[in-house]
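I have placed the structure first, in the form of structure tokens, so that the comments after it can refer back to it.
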Amino acid sequence: MLQGNKRFAEGKAEHPWQDKETRHMLTDGQKPDAAVLSCSDSRVPPEIIFDQGLGDLFTVRTAGQMIDDAVIASLEYAVKKLHVSLLCVLGHGRCGALEVAEREYNELLRTITAEAEDSSETADIMDDLDERIAQSDSIVLRQAGISVWQAREAELDCLDDIERVHVAHTIETLVDRSPVIQQALASEQLMIVGARYQLDTGRIEVLSF
């Protein structure tokens, strides 16, 4: 996949396995090598940026690679039924969903400050900030706002770092919520990798956690 991304970034994409013969060969089944959970952003289609072909990747895409039951069920299908050996959680630069999450997080902070009568009450509310995020009516704040909160707690303010933290948080959530993924990791049948696509260079940044 990284070799394919290198070809794409250098403008040397081969567009493999996209011919009529491959299409017919795949009518009886699929055996993708990897599953990718990525953002729905139109600038970040996994098959293109990794220069892959039909049947190579099992992709699940949501705004900000946010997770719900359907996402987990889809990835569990890829792990349990299709036996993918790699699961890549792919974030990207200038993610609109995370920009919204950061804005809503800042609005929540302003609301907390306005509600509190003094600094000690503000401090008490801030101690429960993660709970208030988790109880928000906004799905974006509930899911991605936690990543903003974690980044701020680590004194990371730039969007690039928030995007990296969000990939890590997404992986943590997947493992926590999916017994199928837990078991596959424990038996060393699956590897999870975090990555971040850079819009300006076309390159994939591999993240270590």
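One table, with the values for the structure above:
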{"quantity": "Nonlocal amide H pairs with residue 191, under 5 Å, H built at 1.01 Å", "calculated": "86, 87"}
{"quantity": "The chain: most fluctuating residue of 86, 54, 26 per GNM, C-alpha cutoff 10 Å", "calculated": "26"}
{"quantity": "5 angstrom amide H check on residue 207, placed H, neighbours 5+ away", "calculated": "194, 195, 196"}
{"quantity": "Solvent-accessible area per residue for the chain (1.4 angstrom probe, square angstrom)", "calculated": "54"}
{"quantity": "Those lysines that a straight Cα-Cα span of less than 23 Å connects to residue 81, excepting residues fewer than 8 apart in one chain", "calculated": "31"}
{"quantity": "Kirkwood Rh in Å, taken over all unlike Cα pairs in the stretch 1-77", "calculated": "13.4"}
{"quantity": "GNM flexibility winner over the chain from 25, 191, 126 (Cα, springs under 10 Å)", "calculated": "25"}
{"quantity": "Nearest-10 value in Å² for the accessible area of residue 58, using the 1.4 Å probe", "calculated": "40"}
{"quantity": "In nm, spacing of pseudo-spin labels at residue 20 and residue 198 (7 Å Cα→C-beta vector)", "calculated": "4.2"}
{"quantity": "GNM result for the chain, Cα springs below 10 Å: residue of 41, 130, 176 fluctuating most strongly", "calculated": "176"}
{"quantity": "Gyration tensor over alpha-carbon atoms, the stretch 87-209, equivalent ellipsoid semi-axes in Å", "calculated": "30, 18, 11"}
{"quantity": "Accessible surface of residue 17 - all protein chains present, 1.4 Å probe, nearest 10 Å²", "calculated": "150"}
{"quantity": "Distant alpha-carbon pairs in the chain (separation over 28 angstrom), percent", "calculated": "35"}
{"quantity": "Ordering of 68-74, 97-103 by packing [mean C-beta count within 10 Å, highest first]", "calculated": "97-103, 68-74"}
{"quantity": "Per-residue [θ]222 nm for the chain (sum of -39500 (n - 2.57) over DSSP H runs n ≥ 4, rounded to 500)", "calculated": "-15500 deg cm²/dmol"}
{"quantity": "Fraction of beta bridges assigned by DSSP in the chain that are antiparallel (%, nearest 5)", "calculated": "20"}
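The values are calculated or read from the model by the stated rules, or taken from the named source; none is laboratory data. Quantities reported herein were computed from a predicted structural model and do not represent experimental measurements. With ideal geometry, Cβ positions are generated from the backbone for all residues, glycine too; neighbour counts draw on all protein chains shown. These accessible areas exclude ligands, DNA and RNA; they are computed on the full protein's heavy atoms, side chains included. Shrake-Rupley method; radii C 1.70, N 1.55, O 1.52, S 1.80 Å.
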